[in-house]
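**Q** Take a look at this one; I'll ask things after.
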């Protein structure tokens, strides 16, 4: 008899949890079952970047294999929830899009999106990456460089521009 | 035995039914993209919410759901909350079942929506019982399923399609693909939709019209005799008289029937 009395409470709790799960699925709209588990781990706070894949991506980045590096990083951080990884993704777009005469606007815009994600993921403190191989360490500085690359100014016509340095 | 039965019925009402209906609400909006195989989640559009509301009104009219009994003040507060959640789950399951069988865009979507609205609206004013209502619903959903997942899917299928494709092509000849609201989904979408509808019908079959009806034990002769013995003498006489009256009426009826039959012979 005691069990029967407990069942409505169990039913209410279970229904609310399950309904919340359904609403969460529709809100996050995962594209695959793997995506579901990734997003669930983000929601549960147990999400972690695949360190080995991240390092593999960094190796490729240092060898100027930017597209391949981003591919590794997209596997290392599938939910795009790690500020450090997103910083490196933005940096790879910057380096790949940078040109002595002109910059690739499409790549720079993707870089801007990535650096904005990185900044949004570290709201408490300015994002700084201590990596001696990089010339830009702060997300704010990288964002400024990317924005400068997408802007059209009179300075673009300056022939001395060809002597500037890629960071 | 009785305890076990009561427990099982309570489990069905408070746990199984909401689980079934929420699963229907979940899978009813799931599509699988043909090219990428990615899952697409479509929340219930406004028209399906309207259809679900009309369907629930039909359930109430057909006494398939006695709302007063499900939310009765005689039940405990927790049971009422649980029942309210079950009814809410039924509403969203109904909406997503419609979502599952309605084409996602274009002319067929509006045509089928109109047919659903027309049928449900007409049924609001006709005499109904729970059984007929279920049969009518099965036909309604079955037709929409065939139209969407066989006829239209065949129309959009790349390569092959056979006679169904040719038939559908002939039926919709003259319409452009945009008018048909074509968006290619993988065949898995049809399977998901079939599972959704099957689960929805199972949920409806499991759902008792009133929650307490199912838990009430059928009267047993031994219990009635025991209760009869506990009655005061005056009440016992009244019960006896009533039983004798009923018995006499039954005997008279039987004798009339037997006389008629022998006369016919």
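Just so it is clear, none of the values below were taken in a lab; they were calculated from the coordinates. Treat the numbers as computed from the prediction; the structure is a model and nothing was measured. Here the Cβ positions follow ideal geometry from the backbone for every residue, glycine too, while neighbour counts run over all protein chains shown.
**Q** Can you sort A:122, A:32 from fewest to most other Cβ atoms within 10 Å of each residue's own Cβ?
**A** Ranked by crowding around the Cβ, least crowded first: A:32, A:122.
**Q** How much length is gained on full extension from residue A:75 to residue A:5, taking 0.36 nm per residue of separation minus their Cα-Cα distance?
**A** Using 0.36 nm per residue and subtracting the Cα-Cα distance, I get 20.3 nm.
**Q** So, one more: Which angle between 0 and 90 degrees, to the nearest 10, do you get for helix A:51-62 versus the longest principal axis of chain A when only C-alpha atoms count?
**A** Once rounded, one gets 10 degrees.
**Q** Using the alpha-carbon atoms, what tilt in degrees (0 to 90, nearest 10) does helix A:33-44 show relative to the longest principal axis of chain A?
**A** With rounding to tens, the tilt is 90 degrees.
**Q** Oh, and also: If you take the Cα Rg of the range A:77-116 and divide it by 2.2 N^0.38 Å, with N the number of residues, what do you get?
**A** Expressed relative to 2.2 N^0.38 Å, the Cα Rg reads 1.18.
**Q** Which whole number gives the average count of other chain Cβ atoms within 10 Å of the Cβ atoms across peptide A:12-23?
**A** Shielding by partners across A:12-23 averages 6.
**Q** Okay, next question. Would you mind computing the Rg to Rh ratio of the range A:51-163 from its alpha-carbon coordinates, Kirkwood style for Rh?
**A** My calculation of the ratio gives 0.98.
**Q** Please sort A:155-161, A:86-92 by packing, taking for each peptide the average over its residues of neighbouring beta carbons within 10 angstrom, highest first.
**A** A:86-92, A:155-161
**Q** Something else now. Cα atoms only, the range B:1-66: Rg and Dmax in Å?
**A** 17.2, 54
**Q** Right, something else. Calculate the length of the line joining the C-alpha centroid of the range B:96-111 to that of the range B:13-43, in whole Å.
**A** 16 Å
**Q** For B:5-13, what's the mean count of beta carbons from other chains sitting within 10 Å of each residue's beta carbon?
**A** Mean shielding count: 3.
**Q** Could I ask something else about it? Let me confirm one metric for peptide B:77-83, namely the mean number of other chain beta-carbon atoms within 10 Å of its residues' beta-carbons.
**A** The mean count of partner-chain Cβ atoms within 10 Å per residue comes to 5.
**Q** Next question, about the same structure. How big is the gap, in Å, between the Cα center of the range A:69-107 and the Cα center of the range B:70-85?
**A** The two parts, judged by their Cα centres, are 55 Å apart.
**Q** Pairing the Cα long axis of helix A:105-120 with the longest principal axis of chain A, what angle in degrees results, from 0 to 90 and rounded to the nearest 10?
**A** 50 degrees
**Q** Relative contact order for the range B:62-158: what percent, with Cα pairs under 8 Å and sequence separation of 6 or more?
**A** Once normalised by length, the contact order is 37 percent.
**Q** Calculate, for residue A:113 and residue B:107, the FRET efficiency according to 1/(1 + (r/R0)^6) with r their C-beta to C-beta distance and R0 41 Å; round to the nearest 0.05.
**A** 0.60
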